[in-house]
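Read the structure below first, then the notes.
The values are calculated or read from the model by the stated rules, or taken from the named source; none is laboratory data. What you see is a predicted model, and the numbers here were worked out from it, not measured in a lab. Reconstructed Cβ throughout: ideal geometry from the backbone, glycine too, with neighbour counts over all protein chains shown. Note: accessible area is taken over every heavy atom of the protein model, side chains too, but ligands, DNA and RNA are not part of it. Shrake-Rupley method; radii C 1.70, N 1.55, O 1.52, S 1.80 Å.
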Amino acid sequence: MKSTGFSTIEALAATTILMVGVAALSQLAVLATARAASARAATMTLLLAEQKMEQLRSAPVQVSPPGALGADTVGWVDYLDATGRAVAGVAAAPRANAAYIRRWAVAPVPGTGGATFVFQVLVTRWKNRGAADVPPAVTRLPDEARLVSALTPGVGP
């Protein structure tokens, strides 16, 4: 007797192989989505840091209080929404609808007699940074941007 088609065992084996392949591809899709979100956040934090650095370098120099980069210091921090706009009514306490925290610090370079200044901008996503905010070395975590620049006023760009 001649048989045509597949047996139940063959169909079950083919379905199992197909399901294993689909499961592997779905994990890859989840990983790719997470990486894309991380890249998007890193790009946004960098743009926000660059924006603040431009503002600082074009304005008259004001020296920040010590620790302004490691803690939310009034006058040296912005709370921004997911599109990068300042959250209305910024005060000492963070706002619930803030997506990013942008801190900056300006300090004179030692040994220059106050002629050269270091500007630092740190933009983080809204989260507890833990030990990353502990002085003296405020560090950058993944998905964050930290820019550092020096300026000697009156000596070119």
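Summary table below
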item: Neighbours by Cβ (under 8 Å, 6+ apart or cross-chain): first from region 45-72, farther than 20 Å from Gly114 by Cβ; second in a helix (DSSP H, G or I); result: Gly70/Asp133; Ala71/Asp133
item: One residue from Leu31, Leu18 being under 30 Å from Glu144 (Cα atoms), free of Cβ contacts under 8 Å to residues at least 12 places away in the same chain and under 46 Å from the mean Cα position of the chain (by Cα); result: Leu31
item: Pairs, first closer than 17 Å to Phe117 by Cβ and assigned to a loop (DSSP other than H, G, I, E, B) in region 143-154, second modelled with pLDDT of 85 or more and not acidic (Asp, Glu), C-beta under 8 Å, six or more apart; result: Thr152/Ala115; Thr152/Thr116; Thr152/Phe117; Pro153/Val61; Pro153/Ala115; Pro153/Phe117
item: Members of region 43-79 that are polar (S, T, N, Q), more than 16 Å from the chain's Cα centre (by Cα) and surrounded by 15 or more Cβ atoms within 10 Å (Cβ to Cβ); result: Ser64, Thr73
item: Answer residue from region 87-97, given it is under 18 Å from Leu69 (Cα atoms) and of a type in the set (Gly, Ala, Ser) and is modelled with the lowest pLDDT among those; result: Ala92
item: Unmet requirement for Val106, which otherwise passes all of (1) loosely packed, with under 14 Cβ neighbours inside 10 Å; (2) of a type outside the set (Lys, Arg); (3) modelled with pLDDT of 70 or more; result: (1)
item: Those residues of region 13-42 which are open to solvent by 80 Å² or more (accessible area, probe 1.4 Å) and within 30 Å of Leu80 (Cα to Cα), in sequence order; result: Val30, Leu31, Thr33, Arg35, Arg40
